[in-house]
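What follows is a short report on a single structure.
The values are calculated or read from the model by the stated rules, or taken from the named source; none is laboratory data. If you're wondering where the values come from, they're calculated on a predicted model, not measured in any experiment. Cβ: placed from backbone, ideal geometry, glycine included. Neighbour counts: every protein chain shown. The area values use the complete protein model at the heavy-atom level, side chains included, leaving out ligands, DNA and RNA. Shrake-Rupley method; radii C 1.70, N 1.55, O 1.52, S 1.80 Å.
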Amino acid sequence: LELAAERGAAVTLAPCCYHRTEAVDYLALSNRGRALMAEHGLTLSREDLAMAVQETVTAPQGVRRHRRRANAWRLGFDRLQREVRGRDEYLPVPSCAYGRLPGDFAGFCRWAAESKGVTLPEEVDWAPFETAGWRRQAEVERLELVRHLFRRPLEVWLVLDRAWRLVEAGYRVRLGTFCERELTPRNLLLETR
């Protein structure tokens with residue numbers, strides 16, 4: 001956008017991946033956006049920006065089930081590793097590619113422990129940890145319902161900031177959509193004239 005604004009090039013853009021930036025906190029692109037953020041004391045981290053693109057509408061049901069199971073198992077492992085290590089702190093576990101998720105919770109925990117250098121006891125009662133993971137997954141889903149109410153408004157604000165940047169550079173800008181949400185929730189389209 002900066003290069004287009006600098007050179008007066010035409011722009012047709014379907015914005016996405018707002019969180020893929022080197023900056024730790026979002027710096028609005030437009031003067032108007034920076035002024036609004038300053039006026040309201042608003043800061044947006046990379047994690048906040050990622051929230052704008054976390055909606056899934058195109059993934060098949062099997063992929064959604066896989067993601068839900070992987071998240072529950074990750075949370076169950078979190079409870080287990082806290083107990084085993086005697087440290088009440090989160091230990092991030094690498095992502096497990098689709099199709100590579102171990103067949104059961106015990107297998108997942110062994111894989112996660114090995115990848116993080118955690119030594120598990122010889123005997124583990126897996127059921128309570130898996131149950132705790134599923135329970136925590138349900139809590140997280142309920143909490144995210146509220147969080148996700150802000151997903152689309154945040155995305156629209158980020159796109160408007162881009163539009164304002166182009167307006168400030170002298171463009172006439174049109175903001176619309178290019179397809180139905182069911183095809184992709186990243187359906188906003190920014191065009192200059």
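Answer yes if at least one residue in region 83-90 is surrounded by 14 or more Cβ atoms within 10 Å (Cβ to Cβ), of a type in the set (Val, Ile, Thr) and farther than 30 Å from residue 169 by Cβ, and no otherwise.
The answer is yes, given that some residue of region 83-90 is surrounded by 14 or more Cβ atoms within 10 Å (Cβ to Cβ), of a type in the set (Val, Ile, Thr) and farther than 30 Å from residue 169 by Cβ.
List the number of the failed condition for residue 103; all other conditions in (1) open to solvent by 40 Å² or more (accessible area, probe 1.4 Å); (2) outside any loop (DSSP other than H, G, I, E, B) hold.
Result: residue 103 fails condition (2) only.
Could you grab the pairs with beta carbons closer than 8 Å, sequence gap of 6+ or different chains, first residue in region 151-170 and touching a residue at least 12 places away in the same chain (Cβ under 8 Å) and open to solvent by less than 10 Å² (accessible area, probe 1.4 Å), second one of a type outside the set (A, V, I, L, M) and part of a helix (DSSP H, G or I)?
161/32; 161/33
Can you pull out every residue in region 112-148 that is over 24 Å from residue 47 (Cα atoms), of a type in the set (A, V, I, L, M) and either part of a helix (DSSP H, G or I) or open to solvent by 70 Å² or more (accessible area, probe 1.4 Å) (or both)?
The answer is 113, 127, 132.
Name the residues in region 32-51 that are under 21 Å from the mean Cα position of the chain (by Cα) and part of a helix (DSSP H, G or I), would you?
Step one: of region 32-51, the residues under 21 Å from the mean Cα position of the chain (by Cα) are 42-51.
Within region 32-51, 46, 47, 48, 49, 50, 51 qualify.
Go through region 161-172 and give me each residue that's part of a helix (DSSP H, G or I) and over 14 Å from residue 26 (Cα atoms). Write out each step before concluding.
Here is the first cut: in region 161-172, the residues part of a helix (DSSP H, G or I) are 161-168.
163, 164, 165, 166, 167, 168 - these are the residues of region 161-172 that are part of a helix (DSSP H, G or I) and over 14 Å from residue 26 (Cα atoms).
Run residue 14 past the list (1) without any contact (Cβ under 8 Å) to a residue 24 or more places away in the chain; (2) within 18 Å of residue 192 (Cα to Cα); (3) in contact with a strand residue (DSSP E or B) (Cβ under 7 Å, 6 or more places away or on another chain) and report the number of the one that doesn't hold.
Of (1) without any contact (Cβ under 8 Å) to a residue 24 or more places away in the chain; (2) within 18 Å of residue 192 (Cα to Cα); (3) in contact with a strand residue (DSSP E or B) (Cβ under 7 Å, 6 or more places away or on another chain), only one is false for residue 14: (1).
Restricting attention to region 141-193, report how many residues are among the acidic types (Asp, Glu) and under 18 Å from residue 36 (Cα atoms).
Taking region 141-193 and keeping what is among the acidic types (Asp, Glu), we get 141, 144, 155, 161, 168, 180, 182, 191.
Narrowing further to those that are under 18 Å from residue 36 (Cα atoms): 155, 161, 168.
Residues flagged as among the acidic types (Asp, Glu) and under 18 Å from residue 36 (Cα atoms) within region 141-193 amount to 3.
Looking at (1) surrounded by fewer than 18 Cβ atoms within 10 Å (Cβ to Cβ); (2) part of a loop (DSSP other than H, G, I, E, B), which one does residue 29 not meet, given that it meets all the others?
Among (1) surrounded by fewer than 18 Cβ atoms within 10 Å (Cβ to Cβ); (2) part of a loop (DSSP other than H, G, I, E, B), the lone unmet condition for residue 29 is (1).
Could you go through region 59-73 and let me know if any residue there is surrounded by 11 or more Cβ atoms within 10 Å (Cβ to Cβ) and not in a helix (DSSP H, G or I).
Quick first cut of region 59-73, residues surrounded by 11 or more Cβ atoms within 10 Å (Cβ to Cβ) only: 59, 63-73.
Now narrow it down to the ones that are not in a helix (DSSP H, G or I): 59.
Within region 59-73, one or more residues are surrounded by 11 or more Cβ atoms within 10 Å (Cβ to Cβ) and not in a helix (DSSP H, G or I).
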